[in-house]
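Just below is one structure, and these are the notes that go with it.
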Amino acid sequence: MGKTVRVGCVQAEPAWNDLEAGVNKVITIIEEASKNNTQVLGFPEVFIPGYPWCMFLNPPASNSDFFVKYLQNSMPVDSPQMRRIRAAVKQAGMFVVLGYSERHHGSMYISQAFIDPTGEIVLNRRKIKPTHIERAYWGTGQGESLQTVVPTEFGRIGALNCWEHTQPLLRYYEYEQNAEIHVASWPAMWDAKDSTDDKPFYQCSATMNQRLSQVVAFEGACVVLVCTQVMSETNAERNGITGWSHPQLPGGGFSMIYGADGAPLCNPLPPGEEGILYANVDLDEHLKAKQWIDVVGHYSRPELLSLRVNTHGARPVHHA
């Protein structure tokens, strides 16, 4: 008999640049998911304190004041705010993957906290390569962040942030870790408009990146929770993107749950609507899909193609 797990996938608007309000919103979402008997819940990328799209519109020099405030509202992993979230997870008795901007002294990291039903953080991983202009603001994850999967009572749960899903070797290493449920954490993204100015944005359109997440379900033979942010018109000014033609507001959400064969398991929400998507998944579907495609097992050719991995984290200071 297969083990059935109830999963939840968050599509919601962050409390922009407000750490305390962001923590309150995360706890409210956890409580709502708990009422719906959720066992595994995934959040979008940097849901605390929200994804700052203004960095693609304004140069770093003119964004300095904005990002000082953003740093101040990012969350240390060992903080009263994180302890409140951990307590809420423990109260709910579920497993949560929380996307947040991690503050460590004067630096930030695009992080995911894996919080188990006892409220313990069993893994805190950092995006190994921030994307494009993100590199002006966030640091890179080290070798320990190559661990993307943890064993839990609800199955083997993995997660990646945003365009980490574009990295074939990183995806491949997650498949080797044998994820059964994968949390794909994304910011708000919109479909590219049919104009010359917006054509470069097709790479980071909602459609393109939802498909990337679906590829993980197919290649990894795992359930994938595509968790996304949304943005309302009233918050355009707060995000420093007033007058920018690219975002379609309200909008940005493209959340979905895919089965281990890549098939959608629920109906989507409208792009500007907040909510939680749910599905009951049978973990044996992972094994059925693996009979067709196990890219690190019977469908691999390691004598021809293999991956070398360095899981040791580099450090700026070494004590003798």
Measure off 7 Å from each Cα along the Cα-to-Cβ vector at Leu71 and Glu31, then give the distance between these two points in nanometres to one decimal. 3.4 nm
Note: Glu20 to Cys266 extended length (0.36 nm per residue) minus current alpha-carbon separation gives 85.4 nm
If unit charges are put on Cβ atoms (+1 for Lys and Arg, -1 for Asp and Glu) and the dipole of the chain is taken about its Cα centre, the option from Gln291, Pro270, Gln177 lying farthest towards the positive end turns out to be Gln177
For the chain, the charge dipole (Cβ of Lys, Arg +1; Cβ of Asp, Glu -1; about the Cα centre) points to a positive end, and the Cα of Ile133, Tyr202, Ala320 closest to that extreme belongs to Ala320
The chain accessible area per residue, 1.4 Å probe, protein heavy atoms, integer Å², reads 45 Å²
Of the listed pairs Lys90/Lys127; Lys25/Lys69; Lys35/Lys127, those with alpha carbons more than 29 Å apart are Lys35/Lys127
Chain lengthening between Met208 and Lys90 when straightened (0.36 nm per residue, less Cα-Cα): 38.9 nm
Taking a ≥ b ≥ c as the square roots of the Cα gyration tensor eigenvalues, with a/c under 1.5 meaning rounded and otherwise prolate when a/b beats b/c or oblate if not, the chain comes out rounded
Value of [θ]222 nm, deg cm²/dmol, for the chain, DSSP H segments ≥ 4, -39500 (n - 2.57) each, nearest 500: -7000 deg cm²/dmol
Among the lysines, select those whose C-alpha is under 25 Å from the C-alpha of Lys290, and discard any that sit fewer than 8 residues away in the same chain. Lys3
For Glu31, what accessible surface area do you get with a 1.4 Å probe? Give it in Å², rounded to 10. 100 Å²
Dipole magnitude of the chain about its Cα centre (Cβ charges: Lys, Arg +1; Asp, Glu -1), debye to nearest 20: 640 debye
Quick one: ranking Lys129, Lys90, Lys35, Lys193 by accessible area, 1.4 Å probe, largest first, what do you get? Lys35, Lys90, Lys129, Lys193
If you find the alpha carbon centre of the range 27-97 and of the range 199-272, how far apart are they in angstrom? 17 Å
Rounded to a whole number, what % of the accessible area of the range 4-292 do carbon and sulfur atoms account for, probe 1.4 Å? 51 percent
For the pair Thr118 and Thr140, the simple spin-label estimate (label points 7 Å beyond Cα toward Cβ) gives in nm 3.5 nm
Whole-Hz couplings from phi, Karplus 6.51/-1.76/1.60, listed for the range 306-320; x for Gly and Pro: 8, 10, 9, 10, 10, 9, 8, x, 7, 10, x, 10, 10, 8, 6
In the range 73-149, the chymotrypsin sites (Phe, Trp or Tyr not before Pro) that sit in a DSSP loop and have at most 14 other Cβ atoms within 10 Å of their own Cβ are none
When only DSSP loop residues count, what chymotrypsin sites (Phe, Trp or Tyr not before Pro) in the range 243-320 have their Cβ near at most 15 other Cβ atoms within 10 Å? Trp244, Tyr299
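The values are calculated or read from the model by the stated rules, or taken from the named source; none is laboratory data. Please read all numbers here as calculations on a predicted model, not as lab measurements. We place every Cβ from the backbone using ideal geometry, glycine too, and count neighbours over all the protein chains shown. Ligands, DNA and RNA are excluded from the accessible area calculation, which covers all protein heavy atoms including side chains. Shrake-Rupley method; radii C 1.70, N 1.55, O 1.52, S 1.80 Å.
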